[in-house]
Amino acid sequence: AKQLPIKMLCVANYHYIRTDFKAKYPSIFGFTPSQFKMQLEILSKYGEFISQPDLLQKIEQPFQKNYILITFDDGLKEQYEIAKPILDEMGIPFIFFVNSWNFSEHKLSMVHKIHLLRSILNSEIINSRTALKLSQEENQLAIKHYNYDDTNTARLKYLLNFKLNFKELVLLIDPLFHEYFDESKIFEELYMSKDMLIDLDKNHNLGSHAHQHIPLGEFDEEVISQDLKDSQLFFNSLLGHKLDAISYPYGSFSACQKVSKIAKENNFKLGFTMERALIADLQEDPLLISRYDANDLPLGKGDLFKENKLFSKPTYRNWYENSAIYQ
């Protein structure tokens, strides 16, 4: 019998969406509204956009079509004010993943303090404030992980996000940040309001991005468990129920290892990484779903699909608990 072609899921992930990305030292790679809309139009030609409820129903069954899921991380106000109207107008479902710690503590995630500092300061200035340096292997990992940055910036980002522990980060970044920014003012400008979260939840467009924005897999299981528990407690208190979906901060292999089992224990049903790959089904592990950065996709800065159409020569995920790489 002739074998039917495999149907797949492609998940796209975004962060910043704004009309102007001008900065002294550009520190983020976002999309303008027109770029975002154009990319959605291109993606629509490859498959059908899928919602969170529909994806949950497909955990136990093979895909009948090629699907595309749109996701945003970090709970930024610009996502609600700029991206959501475009998605709504085009009739496209989505999931916005939000860190609960920002709302319970009224503070900025370290990742956003770093983005803001890097937008006004040369990477070398921040680098010079710490004695820690990367090994040759870590330098290579940095360049591979932050493939849209120049070498110095990639090394700095790796140092900040993966080499320094949280206490060391606070000691390095907080004094610098408070020299240049008013945290309470930035908080109001940067993040969604609780009313926005409630509104998103009404249409099943909300997910957790964990409690704090930390690379969970690099911590002890006790820390991971407490973080995910705190996130569910916050959303349960705000919304009257726990959330089904979580995207793991940073999304790298080291940030995701050990986490899916603990996510399941905390009632999450879908979990998202940043492994660049397509998904042939959810049965293998619905808590380690791969995603492409929006810049990996057609019209992005590093379009990985110039040679092939989106689903024509797929790279399949292999970060799941039964795989050799995960062991």
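The values are calculated or read from the model by the stated rules, or taken from the named source; none is laboratory data. Bear in mind that the values here come from a model prediction, so they are computed numbers and not experimental data. Ideal geometry is used to build each Cβ from the backbone, glycine not excepted, and the neighbour counts take in all protein chains shown. The area values use the complete protein model at the heavy-atom level, side chains included, leaving out ligands, DNA and RNA. Shrake-Rupley method; radii C 1.70, N 1.55, O 1.52, S 1.80 Å.
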Ranked by accessible surface with a 1.4 Å probe, highest first, in what order do 315, 153 come?
-> 315, 153
With every protein chain left in place, what is the accessible area per residue of the chain in square angstrom, probe 1.4 Å?
-> 47 Å²
How big is the gap, in Å, between the Cα center of the stretch 225-248 and the Cα center of the stretch 1-79?
-> 23 Å
Given the protein chains as shown and a 1.4 Å probe, how many square angstrom of residue 109 are accessible, to the nearest 10?
-> 0 Å²
So which lysines pass the test for residue 306, namely a Cα distance under 21 Å, with those fewer than 8 places away in the same chain ruled out?
-> 7, 37, 45, 144
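Using a Förster distance of 35 angstrom, determine the FRET efficiency expected from the C-beta separation of residue 323 and residue 168, and round it to 0.05.
Working: r = 33 Å, r/R0 = 0.93.
That gives a FRET efficiency of 0.60.
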Report relative contact order for the chain in percent, whole number only (criteria: Cα-Cα under 8 Å, sequence separation at least 6).
-> 21 percent
With all protein chains present, calculate the accessible area of residue 145 using a 1.4 Å probe and round the result to the nearest 10 Å².
-> 60 Å²
Leaving out ligands, DNA and RNA but keeping every protein chain, what accessible area does residue 306 have, in Å² rounded to the nearest 10, with a 1.4 Å probe?
-> 150 Å²
Among 10, 72, 39, whose Cα lies farthest out toward the positive end of the dipole of the stretch 6-73, if unit charges sit on the beta carbon of Lys, Arg (+1) and Asp, Glu (-1)?
-> 39
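How would 321, 179 line up by accessible area, probe 1.4 Å, largest first? Write out the running numbers ahead of the final one.
Numbers: 321 65, 179 110 Å².
Result of the area sort, largest leading: 179, 321.
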Quick tally, 1.4 Å probe accessible area for 78, 284, 188, sorted with the most first, runs 188, 284, 78
Helix 166-180 axis, angle to the chain major axis (alpha carbon atoms, nearest 10°) = 70 degrees
State the percentage of accessible surface on the chain attributable to carbon and sulfur atoms; use a 1.4 Å probe and exclude ligands, DNA and RNA.
-> 49 percent
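By average Cβ neighbour count within 10 Å, what is the ranking of 298-304, 134-140 from highest down? Mind showing how you got there, number by number?
Working: 298-304: 14.9, 134-140: 12.0.
Top of the packing list down: 298-304, 134-140.
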Could you give the angle, 0 to 90 degrees to the nearest 10, between helix 33-44's Cα long axis and the longest principal axis of the Cα atoms of the chain?
-> 30 degrees
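What number, rounded to the nearest 500 deg cm²/dmol, is the helix-based mean residue ellipticity at 222 nm of the chain, given -39500 (n - 2.57) per DSSP H run of at least four residues and division by all its residues?
Numbers: 14 runs with 126 residues, N = 327.
Result for the chain, helices only: -11000 deg cm²/dmol.
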Taking 0.36 nm per intervening residue step and subtracting the Cα-Cα distance, what contour gain separates residue 54 from residue 267 on full extension?
-> 74.9 nm
Nearest 10 degrees, 0 to 90: what angle lies between the long axis of helix 110-120 and the longest principal axis of the chain (Cα atoms)?
-> 70 degrees
Looking at the square roots a ≥ b ≥ c of the eigenvalues of the Cα gyration tensor of the stretch 155-259, which shape do they give, rounded for a/c under 1.5, prolate if a/b is larger than b/c, or oblate?
-> oblate
